[in-house]
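Beneath this line is the structure, given in structure tokens, with notes to follow.
The values are calculated or read from the model by the stated rules, or taken from the named source; none is laboratory data. From a predicted model like this one, the values you see are computed outputs, not experimental measurements. Cβ sites come from the backbone with ideal geometry, for glycine too, and all protein chains shown count toward neighbours. The accessibility values were calculated without ligands, DNA or RNA, using every heavy atom of the protein model including side chains. Shrake-Rupley method; radii C 1.70, N 1.55, O 1.52, S 1.80 Å.
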Amino acid sequence: MNAILLLNLAGFAISVVCRDDGSCLTKSCNNKMAGPLLDDQNAPLVVMIDLSKADERIKEYVNTALETKMANLVKTKLEDVFKLLQIEEDVKLYVDEVRQNVTLNITDDIKRIIEEVLDRKQMNPAFFATLKTPQNLGRNDVLTFPNVVTNIGKGYDVNTGIFNSPKTGVYEFSANFISNGDMWLEINLTKNGHVIARAHCAKTHGVAGTLQVILTLQKGDTIYLQHPRDSGSIDGSDYSMFSGHML
């Protein structure tokens, strides 16, 4: 008499067949695979494994293995890529981002992250503007410099003369100006309506004055030059200028 055992191993249906004489009974059939086994008496058995769901399971295992392998590749190699590009200061932030959001589209992930880092490095706010023609000033007038040479980040408003900080950071600002006519010229550098530093020119035509400060700004803070006297005049011809940049 043949003995038949039905087992379930790792999700596969297994049929074990043993004949009375200890020989194996094997028979090929669709979606099944024969494999040798021994019982506790070392008698040969035959295992019939049902492979009807093998394709689906193999695809699942292969996909999982591929995702894991590619994710590990990004995690271990991305920092080296950044170092070769000499942009180490933002590596940790973006490696952490990749670890949280890694996908199989590795080329696009790396390209996007590198572009973001380069954009951060290249777009630190900076502006430089000069005055072409003399400008008469009254009390609390804000000086404007219509000839804008540089305006990275578009923080400087050419119409109002006010710099609006696009991002938080440490900035350096400087102003150079020349008096026009025989009036005193006094200039205040102002942050959010509060005077930070003062400079002036003597009551003589063509006298130079300067201002230079380093400030910590929050995003949205304003910086501008203001004239506190009742009257004054500043010379142009690119002798008078205003600039600032993030350090």
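The requirement of being assigned by the TED database to the domain that holds R229, buried (at least 16 other Cβ atoms within 10 Å of the Cβ) and among the small types (G, A, S) is fulfilled nowhere in segment 133-143; no residue meets it.
Of all the criteria given as (1) open to solvent by 50 Å² or more (accessible area, probe 1.4 Å); (2) part of a loop (DSSP other than H, G, I, E, B), the one not satisfied by H245 is (2).
Screening V158 with (1) within 39 Å of the chain's Cα centre (by Cα); (2) assigned to a strand (DSSP E or B); (3) surrounded by fewer than 17 Cβ atoms within 10 Å (Cβ to Cβ) gives one miss only, at (2). Please verify whether segment 199-214 includes one or more residues that are at pLDDT 95 or above and farther than 21 Å from P146 by Cα. Yes - at least one qualifying residue is present in segment 199-214.
For segment 175-192, the count of residues that are over 22 Å from S231 (Cα atoms), free of Cβ contacts under 8 Å to residues at least 24 places away in the same chain and part of a loop (DSSP other than H, G, I, E, B) is zero. Scanning segment 144-155 for residues that are assigned to a loop (DSSP other than H, G, I, E, B), buried (at least 16 other Cβ atoms within 10 Å of the Cβ) and at pLDDT below 95 yields one hit, G153. Residues of segment 189-205 that are open to solvent by less than 100 Å² (accessible area, probe 1.4 Å) and more than 38 Å from the chain's Cα centre (by Cα): A199, C201, A202, T204. Scan segment 216-243 and report the pairs whose first residue is among the basic types (K, R) and whose second residue is open to solvent by 60 Å² or more (accessible area, probe 1.4 Å), with Cβ atoms within less than 7 Å and a gap of 6+ or a chain change. That search, which allows pairs on different chains as well, returns K219/K167; K219/T168; R229/R139; R229/W184.
Being in contact with a His (Cβ under 8 Å, 6 or more places away or on another chain), open to solvent by less than 10 Å² (accessible area, probe 1.4 Å) and either in a strand (DSSP E or B) or within 20 Å of D238 (Cβ to Cβ) (or both) is a description that applies to G209.
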